[in-house]
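Each remark here refers to the structure printed beneath this line.
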Amino acid sequence: MSSLEISSSTFSQEMKLPSSPPLVEGSALEPFRCVRKDQNEIEEKPKDIIKFTPEKLSVDEVSQLVISPLCGAVSLFVGTTRNNFEGKKVISLEYEAYLPMAENEIRKICSDIRQKWPVKHIAVFHRLGLVPVSEASVIIAVSSVHRASSLQAVSYAIDTLKAKVPIWKKEMYEESSSSWKRNKECFWATD
């Protein structure tokens, strides 16, 4: 046998490599091993996080709430205030909600999502009060093992929120006028 030819039996007998490096307390590998062990041993409980606030919304904060080591996808919808509507210059939106009913309707949406798709965590944040141009008025985040479920769930969540949740929007225009708007998706809206 030449020096380049090594039989597999010789390799396995003479050059046994450890299957993984030894765990050393405080080593850089330790956290990864713990996460992996936890993933295999502990099932993470699904969370539905719902928040209405007058504070500025953070895409990073909301997306961090749904991240899970069990999931390979986080899908987001971010609704922002645009600067125009039907030729009028919009300077801000103002939102109001009937909170007990709005929270209950969003819980129903989360429940419906869980019936339709295998998702892990759901977060729905909606801003109330004045929302200036380019700022977020709603952020929806969903995590799932694969992207298709979270993408479909986010789309369903925003469409259903606009159709069923009692949230009202007033557009504030540059020329000092304003107009309350209905969502054309609302089931109680009539033409």
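The values are calculated or read from the model by the stated rules, or taken from the named source; none is laboratory data. Note that the structure is a prediction, hence the values are computed from the model and not measured. Cβ atoms come from the backbone with ideal geometry, glycine included; neighbour counts cover every protein chain shown. These accessible areas exclude ligands, DNA and RNA; they are computed on the full protein's heavy atoms, side chains included. Shrake-Rupley method; radii C 1.70, N 1.55, O 1.52, S 1.80 Å.
Structure values in brief
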item: Radius, Kirkwood style, for region 47-173 when every pair of distinct Cα atoms is counted (Å); result: 14.8 Å
item: FRET efficiency for ARG82 and ASP60, using Cβ-Cβ distance with R0 set to 22 Å, rounded to 0.05; result: 0.50
item: Apportionment of accessible area to carbon and sulfur, region 47-173, percent (1.4 Å); result: 51 percent
item: Average accessible area per residue (Å²) across region 47-173 - probe 1.4 Å, nucleic acids and ligands excluded; result: 49 Å²
item: Förster radius 22 Å - calculated FRET efficiency between ASN104 and LYS170, Cβ distance, rounded to 0.05; result: 0.40
item: Nonlocal amide H pairs with LEU57, under 5 Å, H built at 1.01 Å; result: ALA136
item: Cα gyration tensor shape of region 78-147, rounded if a/c is under 1.5, else prolate or oblate by comparing a/b with b/c; result: prolate
item: Taking region 47-173 and dividing mean pair separation by its residue count, relative contact order in percent (alpha carbons under 8 Å, at least six apart); result: 41 percent
item: Backbone HN-Hα couplings from phi across region 62-69 [Karplus 6.51/-1.76/1.60, Hz, Gly and Pro as x]; result: 5, 5, 4, 5, 9, 5, 9, x
item: Of GLY129, GLN152, TYR173, farthest towards positive along the dipole that unit charges on Lys, Arg, Asp, Glu beta carbons give region 47-173; result: GLN152
item: Region 121-134 - phi-based ³J(HN,Hα) in whole Hz, Karplus 6.51/-1.76/1.60, Gly and Pro as x; result: 10, 10, 10, 10, 10, 10, 8, 10, x, 6, 10, x, 3, 6
item: Residue pairs, from the table LYS88/LYS170; LYS45/LYS162; LYS47/LYS164, whose Cα atoms sit over 25 Å apart; result: LYS45/LYS162
